[in-house]
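Readers should treat all values here as calculations from the given coordinates under stated rules, not as data from a laboratory. Just so it is clear, the model here is predicted, and its values are computed rather than measured. Glycine gets a Cβ as well: all are built from the backbone with ideal geometry, and neighbour counts include every protein chain shown.
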């Protein structure tokens, strides 16, 4: 099985322990360990998340690309191939612009004798994003019209996310983590990407508004008429609310200290 070997090599390449990788993916250390021992299959959603995190293709993770190479050589060869591909694309773009005698991207008023600017990695990076959505410092109160007051910035969303969860950008927002209730999974100051949805499965991490106070990030469990919030920081006890008094705003997909 190539997946377990390549996952371990990518983790080592990034200098992460099994526990640190689990925290990045918002899963458990045991899950990562079982993946790397080939004793647990990875689902499609997590496979896409792993590919996004390590900047590789899902086919590479599954071992269908460079399948005859040992894990370390496969990772190194894949990185080299990616860089060569990017370089070729830059050369092609530069040649096309020169032949067409057009201005390069982002150059609005070039001097008549100025050289044509080449297509840069920054330009390519920008094409990998769908657009931007709001980053909230918090969400509070029963009137959504007032939530705009808590917007601190706008960040892009990777197309890998929109391809997986849908292209409607109105269905996403970022939220900054406040406090240490979800430590070590989520740390104060980190930002989570949230997909808007009114319900989540048991044990999934969600953003909620309960009793119309400030937004809460927690793991959720449902009973027939109650909703129970659990926190990864064991110092905080579970909280129980009537289902009618606790609104699920969305499911946490990802965390980051910088735009995706």
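Once both labels are positioned 7 Å from their Cα atoms along Cα-to-Cβ, the gap between residue 72 and residue 178 label points is 4.8 nm.
Computed packing ranks the peptides 14-20, 232-238 as 14-20, 232-238, most packed first, by mean other Cβ atoms within 10 Å. Taking 0.36 nm per residue of sequence separation and removing the Cα-Cα distance, the residue 241/residue 159 pair yields an extension gain of 25.9 nm. Residues of the range 130-149 with amide nitrogen under 19 Å from the 7 Å Cα-to-Cβ point of residue 169? Of the residues in the range 130-149, 130-137, 148-149 have backbone N under 19 Å from the label point off residue 169.
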